[in-house]
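Please read the structure below before turning to the comments.
The values are calculated or read from the model by the stated rules, or taken from the named source; none is laboratory data. In this text, all values refer to a predicted model and were calculated from it rather than measured experimentally. Cβ coordinates were reconstructed from backbone atoms using ideal geometry, including for glycine residues, and neighbour counts include every protein chain displayed. What goes into the accessible areas is simple: the full protein's heavy atoms, side chains included, and nothing from ligands, DNA or RNA. Shrake-Rupley method; radii C 1.70, N 1.55, O 1.52, S 1.80 Å.
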Amino acid sequence: MSFLEIFKYTRQDSVIHRLDPRTKLLLSTVLGIISLLFLEIIPLLLIILFLLPLLGAAKSLGRWAKNIKGLAMLVLFIMVFNTLFSTDPTPFSRSVSLALRLLAMMTSFSFFFLTVHPDELSQALIKMHVKYEFALAVSMAMRYVPTLGQDAYAIMDAQKSRGVELDKGNLIKRIRNIVPIIVPLIVVAIRRALSISESMESRGFGASGGRTYMDMIQFRRKDWVIVTISLVGLILVLLLKFWWGLPSWMLWQLPF
Amino acid sequence: MTIIFEDVHFAYDGIYTALRGVSLQIDDGESVAIMGTNGAGKTTLIKHLNGLLRPSQGRVILDGMNIREKSVAELSRIIGLVWQDPDHQLFLDSVEKEILFGLKNLGFSPEESEERCVTTLEKLGISHLAKRRPFSLSGGERKRVALASILATEPRILALDEPTIGQDARQKKRLAKMLREMNDEGRTVIVVTHDIEFAVENFPRAIAMANGQIVADGPTPVVLSNETVLDMCSLTPPQMTIAARELHSIIPSIPERLTHVTELEREILRAIGGES
């Protein structure tokens with residue numbers, strides 16, 4: 001599951017990291033929408049090619065490249081199944097574009113999660129008039145993903161020492177082997193949630209209505225520029241897709 | 001079943017160094033306490049025993065054989081590891097089933113499993129919990145259930161990570177007694193602990209770790225009365241050692257380095273001219 005790392009914030013100092021989280025949310029969403037609009041190989045490749053320099057500017061290209069390899073199995077799975085079972089006249093071409101779409105979507109959102117600290121995310125949500133409690137819940141959920149990952153490893157270790165062989169046996173046995181992992185994981189998560197809520201309440205969470213914040217996020221000129229470019233880009237792409245039609249070189253398919 | 005670590009190095013994800021050249025030998029039937037600061041590498045060390053972690057450099061040899069070729073499941077028949085957090089392993093809806101689970105995995109027959117389950121629960125004084133749901137038990141009870149699930153497999157080598165945390169005095173005594181029995185049967189017992197009194201009273205040998213290395217290895221009273229070692233491992237000396245030091249400053253004939261009640265008793269009696 002190492003590809004999940006591409007959704008984990010990394011502390012860096014870069015142009016991208018200094019942008020307002022709302023700008024990045026918009027940019028990621030726009031790119032995600034564009035990836036969903038297309039099932040042709042060339043446009044999807046263009047989206048990915050557009051994303052790579054952005055990741056580079058965020059000094060996260062190496063990290064992304066390293067962890068995206070973990071996606072290889074999933075991509076292979078999508079390709080094999082689609083090629084075998086698709087009713088499309090060119091099944092292989094289609095499965096390649098599906099895999100590319102997945103890659104483009106994941107990269108779009110990894111761009112957001114790699115560069116936005118959970119605290120910034122909750123700030124952004126609050127500025128977008130989401131209730132503080134919900135914003136906190138979202139950022140805490142993000143905060144505890146890696147912790148849950150550590151728990152999962154500890155649980156696997158514990159069960160392996162009791163003779164559970166996680167990577168042996170047929171498919172059914174392997175699926176059954178998930179039970180000894182998943183049940184403790186849920187129990188640990190619930191116990192932790194309870195103790196966090198208790199400790200939050202004992203520190204006066206929700207005691208007073210009006211909150212003030214240590215850090216305030218703020219739109220700067222470059223944020224406005226990027227927001228404008230993103231929105232104009234989205235409109236142009238929508239026009240291209242639904243009004244003007246794609247130029248024929250963009251519709252290119254693999255022959256089988 | 002002698003355990004030998006030969007210059008074992010290990011780093012998590014290849015970067016976070018946890019062990020830097022650990023060499024040790026634990027003979028069959030020994031009883032050892034591993035002590036040290038948080039992050040000294042104690043847990044990492046015992047994870048090497050059953051192959052959960054593999055050394056990035058160096059070798060772990062069990063019974064004359066490099067364990068590199070052995071799977072965790074194979075090694076688990078010989079080495080039982082009991083973890084700090086019982087919640088990481090309990091997942092079934094009764095204590096009994098929880099104990100039978102490990103036995104089944106390791107290939108014991110149903111009859112034998114049943115029998116072992118009953119005796120283990122009795123030994124730990126939790127027979128009355130057999131039908132209960134593990135999740136409805138208290139923290140200390142869950143810890144004992146997790147312990148029972150490993151003890152039931154009767155491993156040749158038993159390693160426990162912080163078994164005394166959350167246990168009251170009576171449970172600690174019971175645990176100590178049981179570990180001693182296991183040891184008397186010829187099994188090797190290895191315990192990772194911060195509980196210095198527990199170590200002094202029950203384990204003849206102590207290994208002190210700091211910063212991924214072994215800083216002292218020897219008889220527990222010697223290791224745990226050494227000021228430098230205690231300092232490196234951020235441990236406070238055993239109460240008897242503190243008492244002995246205080247007494248030594250008043251009555252110089254009482255030696256400073258004592259760790260047991262009986263020793264101190266004997267020395268005091270001698271100093272005041274009573275029977276020794």
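The criterion of being open to solvent by less than 80 Å² (accessible area, probe 1.4 Å) and in a helix (DSSP H, G or I) does not hold for A:I235. Of A:T147, A:T212, all but one fail to be within 29 Å of A:R22 (Cβ to Cβ), polar (S, T, N, Q) and open to solvent by 50 Å² or more (accessible area, probe 1.4 Å); the exception is A:T212.
Would you check if there is a residue in the range B:145-155 being open to solvent by 70 Å² or more (accessible area, probe 1.4 Å), among the hydrophobic types (A, V, I, L, M, F, W, C) and on the phi < 0 side of the Ramachandran plot? No, that holds for no residue.
Within the range B:189-236, how many residues are in contact with an Asp or Glu (Cβ under 8 Å, 6 or more places away or on another chain) and more than 25 Å from B:I157 (Cα to Cα)? Looking only at that region, the number is 1.
Name the single residue, out of those in the range B:162-183 being open to solvent by 20 Å² or more (accessible area, probe 1.4 Å) and of a type in the set (S, T, N, Q), that is farthest from B:R142 (Cα to Cα). Step through it out loud before you land on a result.
At the first step, the residues of the range B:162-183 found to be open to solvent by 20 Å² or more (accessible area, probe 1.4 Å) are B:165-174, B:177, B:180-181, B:183.
So of that shortlist, the ones also of a type in the set (S, T, N, Q) come out as B:167, B:171, B:183.
Values: B:Q167: 11, B:Q171: 13, B:N183: 23 Å.
Out of the qualifying residues, it is B:N183.
Residue count for the range A:136-186, restricted to those that are of a type in the set (A, V, I, L, M) and under 21 Å from the mean Cα position of the chain (by Cα): 9.
Just one of the numbered conditions (1) part of a loop (DSSP other than H, G, I, E, B); (2) open to solvent by less than 50 Å² (accessible area, probe 1.4 Å) is not true of B:A18: (1).
Could you check how many residues of the range A:98-117 are of a type in the set (S, T, N, Q) and touching a Lys or Arg at 6+ places or on another chain (Cβ under 8 Å)? Let's see the steps before the verdict.
Step one: list which residues in the range A:98-117 are of a type in the set (S, T, N, Q), which gives A:107-108, A:110, A:115.
Filter again for touching a Lys or Arg at 6+ places or on another chain (Cβ under 8 Å), leaving A:115.
The total comes to 1.
Need at least 2 residues that are at pLDDT below 85, crowded, with 17+ Cβ neighbours inside 10 Å and within 17 Å of the chain's Cα centre (by Cα) per element, so show me which helices (runs of 4 or more DSSP H) inside the range A:1-87 make the cut, counting only ones lying wholly within it. Please lay out each step first, then the result.
Numbers: elements: A:15-18, A:21-37, A:41-57, A:61-68, A:72-85.
By residue number, A:61-68.
Of the residues making up the range B:83-106, those that are open to solvent by 10 Å² or more (accessible area, probe 1.4 Å) and within 17 Å of B:A159 (Cα to Cα) are B:W83, B:Q84, B:D85, B:P86, B:H88. crowded, with 18+ Cβ neighbours inside 10 Å, among the aliphatic types (A, V, I, L, M) and more than 23 Å from B:K143 (Cα to Cα), is that true of B:A208? Yes, satisfied. Within the range B:42-65, the residues that satisfy the criterion of being on the phi > 0 side of the Ramachandran plot and open to solvent by 20 Å² or more (accessible area, probe 1.4 Å) are B:G58, B:D63, B:G64. Here A:A99 meets the list (1) in contact (Cβ under 8 Å) with a residue 40 or more places away in the chain; (2) open to solvent by less than 20 Å² (accessible area, probe 1.4 Å); (3) more than 16 Å from A:P255 (Cα to Cα) almost entirely, failing just condition (1). Considering (1) open to solvent by 70 Å² or more (accessible area, probe 1.4 Å); (2) more than 21 Å from the chain's Cα centre (by Cα); (3) not aliphatic (A, V, I, L, M), the lone condition that B:G39 does not fulfil carries the number (2). If you go through the range B:218-239 and keep only what is in contact with a strand residue (DSSP E or B) (Cβ under 7 Å, 6 or more places away or on another chain) and surrounded by 17 or more Cβ atoms within 10 Å (Cβ to Cβ), you end up with B:T220, B:V223, B:L224, B:N226, B:V229, B:M232, B:C233, B:L235. Of note, A:G169 does not satisfy the criterion of being open to solvent by less than 40 Å² (accessible area, probe 1.4 Å), of a type outside the set (A, V, I, L, M) and closer than 25 Å to B:A73 by Cβ. Picking from residues in the range A:215-230 that are at pLDDT 90 or above and among the hydrophobic types (A, V, I, L, M, F, W, C), the one that is least open to solvent (accessible area, probe 1.4 Å) is A:V227.
Give the range B:62-84 a look and list any residue that's in a loop (DSSP other than H, G, I, E, B) and at the interface with another protein chain (Cβ under 7 Å from one of its Cβ atoms), or say none. Passing the criteria: only B:W83.
Considering only residues in the range A:150-165 that are facing chain B (nearest Cβ under 7 Å) and open to solvent by 50 Å² or more (accessible area, probe 1.4 Å), the one that is modelled with the highest pLDDT turns out to be A:K160. Name every residue in the range A:189-226 that is of a type in the set (V, I, T), in contact (Cβ under 8 Å) with a residue 40 or more places away in the chain and within 12 Å of chain B (Cβ to nearest Cβ), in order of residue number. Within the range A:189-226, no residue meets the criteria. Among the conditions (1) within 10 Å of chain A (Cβ to nearest Cβ); (2) not in a loop (DSSP other than H, G, I, E, B), the only one that B:M35 does not satisfy is (1).
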